Structures are given as structure tokens and as C-alpha cells.
1. Looking at the range 139-175, which of the residues that are within 15 Å of R100 (Cβ to Cβ) and β-branched (V, I, T) is most open to solvent (accessible area, probe 1.4 Å)?
2. Between a residue in the range 116-141 that is in contact (Cβ under 8 Å) with a residue 60 or more places away in the chain and in a strand (DSSP E or B) and any residue that is aromatic (F, W, Y) and open to solvent by 50 Å² or more (accessible area, probe 1.4 Å), which pairs come within a Cβ distance under 8 Å, given they are 6 or more apart or on different chains?
3. Do you know which of the residues in the range 105-124 that are out of contact with any strand residue (DSSP E or B) (no Cβ under 8 Å at 6 or more places or on another chain) and either of a type in the set (A, V, I, L, M, F, W, C) or farther than 16 Å from V176 by Cβ (or both) is modelled with the lowest pLDDT?
4. Right, I54: open to solvent by less than 60 Å² (accessible area, probe 1.4 Å) and either assigned to a strand (DSSP E or B) or at pLDDT 85 or above (or both) or not?
5. Would you mind stating whether Q75 is surrounded by fewer than 17 Cβ atoms within 10 Å (Cβ to Cβ) and of a type outside the set (A, V, I, L, M, F, W, C)?
6. Within the bounds of the range 80-97, is there any residue that is in contact (Cβ under 8 Å) with a residue 12 or more places away in the chain, over 30 Å from F161 (Cβ atoms) and under 20 Å from the mean Cα position of the chain (by Cα)?
7. Just give me the residues in the range 57-72 being open to solvent by 30 Å² or more (accessible area, probe 1.4 Å), in contact with a strand residue (DSSP E or B) (Cβ under 8 Å, 6 or more places away or on another chain) and farther than 15 Å from Y127 by Cα, in sequence order.
8. Of all residues in the range 146-163, how many are under 15 Å from R120 (Cβ atoms) and part of a helix (DSSP H, G or I)?
Amino acid sequence: MELQLQITARNIPLPDDMEATIRREAAKLESFYPRIIGCRVFVEAEHRFPAGEIITYAVRIDLTVPRGEIPTTRQSHEDQLTAVQRAFDACRRQLEDYARLQRGDVGTTQAEPMRARVLRLFPWEGYGFLETADGRELYFHRNSVVNHGFDRLEVGAEVRFSEEEGLEGPQASSVVPVRRRRVRPPRKELRRKAS
């Protein structure tokens, strides 16, 4: 099955060489997960008003796979090529996480996932930070949270995660919220309350 690629440019014309770079990078994604069905790339220029000059380029990539979609976080930079490369780097990391989860390989560097709590969330930007038991802060992105659970996270929530090396240092992957079990009273107490 051939990868269906859609490139959308907003507020700017997209040069031919940039479109060729996007096509080349999208083709490379199949080496990380060969069952990608579709890839949508959005490139947008953010302008400073009233002068109208371009201040940053924002790039977002959404992937369609057999069991749903893998949306990536939005990557921005003053240089268009750098923004595209950062977006594809983030996309590759998320695709690798997804492929590991599909294979059942949850941990990448630890034998057992570690625990932490959510320290800060930036929902509009699609990322946050965890505080580990030893006091370190670790970055995580929206698609590092399994089962599309990023929007359900709250500051202070306990999570399990695996740690991996990212482009800018250690980061959390395979983030799973820890559900608190409700303690039920023994059956005898339930009967007494009913009477």
C-alpha cells in the first residue's frame, strides 16, 4: 500500500525544494513503521502585525495508521527547513513509541516503568513535564501518553513512564496514568448500612 501524502501550506507559498524535502522525509517514515496509511503535513507562517513580516514557521504532521491516528505536536522555528526537520524528528519518535507499543515492548531503557507525577502541562502546545522520584524534570509530548490520554492528564497526577534519550536530552515516553483503586468496605459493613 502506497503512503498517501497531503501537504498543506497556510499563509505562505511553499517552495518546490521544501515540498521535495517534505516528500523525502515522509517516505523515510515507512522505515520506522511500514503500515502507515496516510501522512498530512501542515506548514503555516506566523506573521507579526501590522508589518506582516514572517516571524516563525509552524509545522504539524498527522499520521494515519490501521488502528487510528498519531497526531504530532506542533514544531515552530524561525527557519522553515529547521521547523520541518524538527517536526519529522518528533514524528519519528512518536512513531517509534507507537511501533513499540504495538509489538508489546513497553520499556526501552528500563526493565520496569518508573513512576512520576505531572509537574506542568502546556495543553495548547501539546507537551508537559514530569517530576521523577529523584527530583528530576522530564519533558514529554502529547503522543508519548498512551491511548491518546494527554487531554485527560492533570497536574499532580501520578504516571508510569519509560525514559529515553531525545534530541535535547532525556525525555519520558510511554506515559501511562496510574489509576487509583477504590477501597471497598467489607460486605458486612454494606449490609449494616442498608438496614
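The values are calculated or read from the model by the stated rules, or taken from the named source; none is laboratory data. Computed from a prediction, not measured in an experiment: that's the story for all the values here. Glycine also receives a Cβ, built like all others from the backbone with ideal geometry; neighbour counts cover every protein chain displayed. Heads up: the accessible areas ignore ligands, DNA and RNA and are worked out on the full protein's heavy atoms, side chains in. Shrake-Rupley method; radii C 1.70, N 1.55, O 1.52, S 1.80 Å.
1. In this case the residue turns out to be V146.
2. H141/Y127
3. At the first step, the residues of the range 105-124 found to be out of contact with any strand residue (DSSP E or B) (no Cβ under 8 Å at 6 or more places or on another chain) are 105, 111-112, 123-124.
Subsequent filtering for residues that are either of a type in the set (A, V, I, L, M, F, W, C) or farther than 16 Å from V176 by Cβ (or both) retains 111, 123-124.
Working: A111: 43, P123: 90, W124: 89.
Going through the qualifying residues, I end up with A111.
4. Values: open to solvent by less than 60 Å² (accessible area, probe 1.4 Å): no; either assigned to a strand (DSSP E or B) or at pLDDT 85 or above (or both): yes.
Answer is no for this residue.
5. For Q75, the condition - surrounded by fewer than 17 Cβ atoms within 10 Å (Cβ to Cβ) and of a type outside the set (A, V, I, L, M, F, W, C) - is not met.
6. Checking the range 80-97: not a single residue is in contact (Cβ under 8 Å) with a residue 12 or more places away in the chain, over 30 Å from F161 (Cβ atoms) and under 20 Å from the mean Cα position of the chain (by Cα).
7. If the condition is that a residue be open to solvent by 30 Å² or more (accessible area, probe 1.4 Å), in contact with a strand residue (DSSP E or B) (Cβ under 8 Å, 6 or more places away or on another chain) and farther than 15 Å from Y127 by Cα, then Y57, T64, E69 are the ones that fit.
8. Total meeting the criteria: 1.
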